[in-house]
Amino acid sequence: MTAISMVYSQWGFTIAADGRCKSDDPSMTERETEQAQKIFPVENDNVTLAYTLAGFALNEDGTFDMIAECKQQADMLLTRRFTNGDDYIHRFCLNLKRAIIKARRDGRISEFPRYEELPPEEQGRICRLQFAGYFRGTPLWIEVKFYHEEDTDRIRLRLNHHSLIGQVICTGSDQIANLMYGTDVTPDPRVSNYRKSPSDGDLEYTASFIRACSDPVASEIDPVCKSIGGHLHAAEVTQAGFRWLIPPKNN
């Protein structure tokens, strides 16, 4: 489970994420870390954005690395020309889909993880990418989900545009997100001290969700929080560029 919080204001986008990477598979324990990077920048003449990755990132034997594949796709598109941000994101994700299919066919991906905590309508989802930033000065905020269909062994994409007005987008614990950002909720004393408002600043507003999910007491509210924690890192994306507010440990 990954905790990510993103907000848009007149200044730009602010993004925060946790640093924990854990697996229920005992064979993957050597790859566990509290310092994983989950926010990644892309900057060229047309695009200034950050993307986040939640879900399937590395297969059990390390022969397919989603983070490395995402970076490769971003690098390949540096010199390509696009008419708008949608075209750029679509090409990025279509190329990534093809890389996943190729890895599936040549045996580097033998199976995809199953996330039992997902609701029925989201079963089969293997990962989720969030893109936030600017294309030629125009803001974009797009979510792309990747699904694996077991019966056909196909990969499909679902793209969604987020509104730029008055939203915080979170991945992680829906229950904690509601306690942090809900407008009509009863405060829970176990995490109420993390609740912030936009007036506290975009960094505090987004980071509060990560800190709340990372608190050991949060697992009493939502068991998925047991897999959230580690080094909090955060960044902002404005028309001027990408900037780390709290750098990841491996940066």
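The values are calculated or read from the model by the stated rules, or taken from the named source; none is laboratory data. What you see is a predicted model, and the numbers here were worked out from it, not measured in a lab. Cβ: placed from backbone, ideal geometry, glycine included. Neighbour counts: every protein chain shown. Accessible surface is based on the protein model in full, side chains and every heavy atom, while ligands, DNA and RNA are left aside. Shrake-Rupley method; radii C 1.70, N 1.55, O 1.52, S 1.80 Å.
Taking the stretch 56-73 on its own, how many of its residues are out of contact with any helix residue (DSSP H, G or I) (no Cβ under 7 Å at 6 or more places or on another chain) and either open to solvent by less than 40 Å² (accessible area, probe 1.4 Å) or closer than 14 Å to Asn95 by Cα (or both)?
So the answer is 7.
Does the stretch 161-177 contain any residue that is in contact with a Lys or Arg (Cβ under 7 Å, 6 or more places away or on another chain), at pLDDT 90 or above, surrounded by 13 or more Cβ atoms within 10 Å (Cβ to Cβ) and of a type outside the set (Val, Ile, Thr)? So far as the stretch 161-177 goes, no, none of its residues is in contact with a Lys or Arg (Cβ under 7 Å, 6 or more places away or on another chain), at pLDDT 90 or above, surrounded by 13 or more Cβ atoms within 10 Å (Cβ to Cβ) and of a type outside the set (Val, Ile, Thr). Among all positions in the stretch 93-105, there is no residue which is in a loop (DSSP other than H, G, I, E, B), out of contact with any strand residue (DSSP E or B) (no Cβ under 8 Å at 6 or more places or on another chain) and open to solvent by 50 Å² or more (accessible area, probe 1.4 Å).
Residue under question is Ala235, and the condition is that it be closer than 30 Å to Asn84 by Cβ, small (Gly, Ala, Ser) and open to solvent by less than 30 Å² (accessible area, probe 1.4 Å); does it hold?
Working: closer than 30 Å to Asn84 by Cβ: yes; small (Gly, Ala, Ser): yes; open to solvent by less than 30 Å² (accessible area, probe 1.4 Å): yes.
Yes: the conditions hold for Ala235.
Here Gln72 passes the criteria (1) more than 25 Å from Ser5 (Cβ to Cβ); (2) outside any helix (DSSP H, G or I); (3) at pLDDT 90 or above except the one numbered (2). Screening Ala235, Ala177 for residues that are touching a residue at least 12 places away in the same chain (Cβ under 8 Å) and touching a Leu at 6+ places or on another chain (Cβ under 7 Å) leaves exactly one candidate, Ala235.
Residue by residue, here is whether (1) touching a helix residue (DSSP H, G or I) at 6+ places or on another chain (Cβ under 6 Å); (2) of a type in the set (S, T, N, Q) holds:
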| site | (1), (2) |
| --- | --- |
| Thr138 | no, yes |
| Glu150 | no, no |
| Ser163 | no, yes |
| Gly172 | yes, no |
| Ile176 | yes, no |
| Leu179 | no, no |
| Tyr194 | yes, no |
| Asp202 | no, no |
| Ala212 | yes, no |
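Of note, Ser219 does not satisfy the criterion of being surrounded by 13 or more Cβ atoms within 10 Å (Cβ to Cβ) and in contact (Cβ under 8 Å) with a residue 60 or more places away in the chain.
Checked against (1) within 21 Å of Asp18 (Cα to Cα); (2) loosely packed, with under 15 Cβ neighbours inside 10 Å; (3) in contact with a strand residue (DSSP E or B) (Cβ under 6 Å, 6 or more places away or on another chain), Asn250 passes all but a single condition, namely (3).
Do we find that Arg211 is within 18 Å of Gln10 (Cα to Cα) and at pLDDT 95 or above in this structure? Judged against the criteria, Arg211 is not a match. Among the candidates Thr138, Thr79, Thr83, single out the residue that is out of contact with any His (no Cβ under 7 Å at 6 or more places or on another chain), polar (S, T, N, Q), surrounded by fewer than 21 Cβ atoms within 10 Å (Cβ to Cβ) and at pLDDT below 90. Result: Thr79 is the single residue among Thr138, Thr79, Thr83 that is out of contact with any His (no Cβ under 7 Å at 6 or more places or on another chain), polar (S, T, N, Q), surrounded by fewer than 21 Cβ atoms within 10 Å (Cβ to Cβ) and at pLDDT below 90.
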